[in-house]
Amino acid sequence: MKTQFCKYTINFRAVMPVIIFLAVSGWGTIALSGPSRTFDLDRFIDPDTCSGCHYEIYEQWSNSMHNLSHKDPVYNRVANFLRQGLTDQGEIDEAESCVKCHTPVGVITGFPEKLSDDLSKTPDIATRGIQCDYCHSVVDVEKMYNNGLVLEPGYGEDDPGIKHGPFDDAEPDFHDAAYSALHDSAEFCGTCHDVKHVTFGTDLETTYTEWKNSPFNSDDPEERITCQGCHMYQRPGVPATASTKRPENPGPAADYSKERPHIFTHYFVGANSGVPASFGDSQKAAMAEARLQHAAELDLDLSNLDKKQLGIIVSNTGAGHSLPTGLADMRQMWLEVIVQDKDGNRIFETGILDEKKELPGNTLIYRTVFGDGKGNPVLNLAKAREVLHDNRIPAKGQAKEVITLDRILEKESTIQVRLLYRSMPQKVLNLLPGEPLGPLPVVEMARVSHTL
Ligand code: HEC
Ligand code: HEC
Ligand code: HEC
Ligand code: HEC
Ligand code: HEC
């Protein structure tokens, strides 16, 4: 028996025990608990248990940035650095808020509540980051930023409850299953991938909003691509960006279940290659590189060289959001430009890393810059009261840059331009106390060259 229930079709046999339980405990019908509600820790099932039947999905998720969200050394070191020396309560509240997305099972079960808690006491299951039973217990989204997910987990392995997913006909014997349109929507991802300052409301990360305002959020099913449509189609050899094919991935969802036309992959690869590699996962590092290599195109505009002007066009051809996105004040996507005369002497260069792996001041970097509310740039996102600058390239958009040379190029001069990416400025890593971190990998996203 099936009943239509908001956006979900729920298998009735599956909900019965829950309804009875809720009725007995006096809440009447299904109560949608807010994210502030704390659940007992034993209501969440270890990802290892899910791996017993969903081994392939488990392997894909292992060492993904979701699995590593709590352990990620770059996140931990940066977060603890940004927390130091703050005195303004509004800034402190922001600096403490990170665990809500990076350690979500901990927050929803009561520990940690904030970043400065003794994180070595984090329960083992919560250290596994954004995990199977967290995502698949989601029943609603309360607000579209700062993790507004509403969960209804089961009661542990003895009574695992309903796992929400893409099928309306799954009948697993271990847990109950229900179709969820929400899991196929950008909103499911977007509530964590839009980050606002908890006190000042400043937009710190806007991946979801960028997507929402992009041509990919189209009513035309031919044009429409959600987060899942790119990120949950990628697999080794299939980068699945807007500039590549995104073929279906047929197979079984569980080790012994029937073949389905498409199984959503769980690698959750973005642009981060350094952190998975530091956990020994060279496959996910290579997949992040493949994603970056199918995100952008470079073109030269040589029509004004006689006026000493070199034009460079950077096109976002692969991403469903701005390039770069996410933590865009830290991410570095920049142009390396080298112009040589016919004898190979450099007559112009920019964007070349120095011996400390830092970028020269004149580098053209695509990024956001936060301000203190009075127009002064701030490095610490806890102090971000405004967005001062954002020159990132929107989905399907272009940036046109003009470099003024000091001479007219003679025949046989060469121009070489590369678009490069790394996930964190070395300058920031060099500020962190303790063991040196980095250098992080630099990935070539695109290259173009021309000989006159
Ligand atoms: C004893 C085996 C087994 C275990 C353990 C198991 N599953 Fe499943 N699961 C299945 C089978 C079988 C299916 C149905 C596959 C199909 O119909 O194609 C399924 C389907 C699903 C679905 C799809 C539901 C839908 O309707 O779309 C989700 C989501 C899911 N499982 C999540 C989990 C999570 C999370 C865990 C760990 C808490 C887990 N599973 C543990 C066997 C299992
Ligand atoms: C970040 C949230 C998230 C995490 C973590 C996650 N999943 Fe999923 N999973 C999804 C979404 C979203 C879908 C469906 C995508 C859609 O319908 O567009 C899905 C689909 C599934 C399905 C249906 C088959 C398929 O892949 O299409 C199964 C089974 C499943 N997940 C099991 C797991 C298991 C097991 C784990 C842990 C190893 C896990 N998931 C971790 C979000 C997540
Ligand atoms: C049309 C394909 C496509 C869609 C749709 C898409 N992405 Fe991406 N995504 C990419 C590509 C390509 C990259 C690598 C380039 C980059 O870093 O932006 C990427 C990178 C990312 C990154 C890493 C960014 C960084 O530089 O640190 C995150 C996080 C991300 N995507 C999340 C999302 C979310 C959330 C959605 C939905 C709101 C989404 N993506 C929709 C293609 C897509
Ligand atoms: C519970 C909050 C949450 C949800 C839900 C969520 N994410 Fe994430 N996601 C994160 C966090 C936090 C990170 C970064 C972890 C880190 O870098 O330490 C991340 C990282 C990623 C990355 C890797 C970024 C990189 O730099 O390589 C991708 C890609 C991504 N998410 C896509 C998705 C997609 C697609 C969905 C929906 C199916 C989704 N996320 C749902 C919180 C979430
Ligand atoms: C609303 C959810 C959310 C909250 C709250 C949050 N983050 Fe994140 N964080 C993300 C997502 C999503 C990403 C991945 C974006 C990307 O890849 O660019 C991320 C990535 C990061 C990264 C990059 C890690 C790496 O390996 O490159 C750092 C550093 C980070 N966050 C620090 C923080 C700090 C510090 C706080 C608290 C002040 C915080 N985050 C709070 C969602 C969140």
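General remarks:
- Whole-Hz Karplus values for region 60-68 come out as 5, 6, 4, 6, 6, 5, 5, 4, 8 Hz, taken residue by residue from phi with 6.51 cos²θ - 1.76 cosθ + 1.60 and θ = phi - 60°; glycine and proline positions read x.
- Length available on full extension from E386 to N345: 0.36 nm per residue minus the Cα-Cα distance, which gives 10.4 nm.
- Qualifying GluC sites (Glu not before Pro) in region 365-452, where qualification requires a DSSP coil assignment and no more than 14 other C-beta atoms within 10 Å, comprise E410, E412.
- Rounded to 5, percent antiparallel among DSSP beta bridges of the chain: 95
- Gap separating the Cα centres of region 400-432 and region 238-261, nearest whole Å: 38
- Cα-based Lys proximity count in region 113-218, under 22 Å, for pairs eight or more positions apart or on separate chains: 6
- Loop-located trypsin sites (Lys or Arg not before Pro) in region 128-224 (DSSP state other than H, G, I, E, B) with a sparse environment of at most 15 neighbouring Cβ atoms within 10 Å: K143, R224.
- Loop-located trypsin sites (Lys or Arg not before Pro) in region 268-361 whose Cβ has at most 10 other Cβ within 10 Å (DSSP): K356
- The translational diffusion coefficient of the chain, from Stokes-Einstein at 10 °C and 1.306 mPa s with a Kirkwood hydrodynamic radius over alpha carbon pairs, comes to 67 µm²/s.
- For region 296-451, lysine pairs with C-alpha atoms less than 25 angstrom apart, excluding pairs fewer than eight positions apart on the same chain, total 13.
- Using the rule -39500 (n - 2.57) for each DSSP H run of four or more residues, divided by the residues of the chain, the 222 nm mean residue ellipticity is -5500 deg cm²/dmol.
Every number here is computed from the coordinates shown, using simple stated rules; none is lab data. Keep in mind it's a predicted model, so treat the numbers as computed, not measured. FYI the Cβ positions are ideal-geometry reconstructions off the backbone, even for glycines, and counts take in every protein chain you see.
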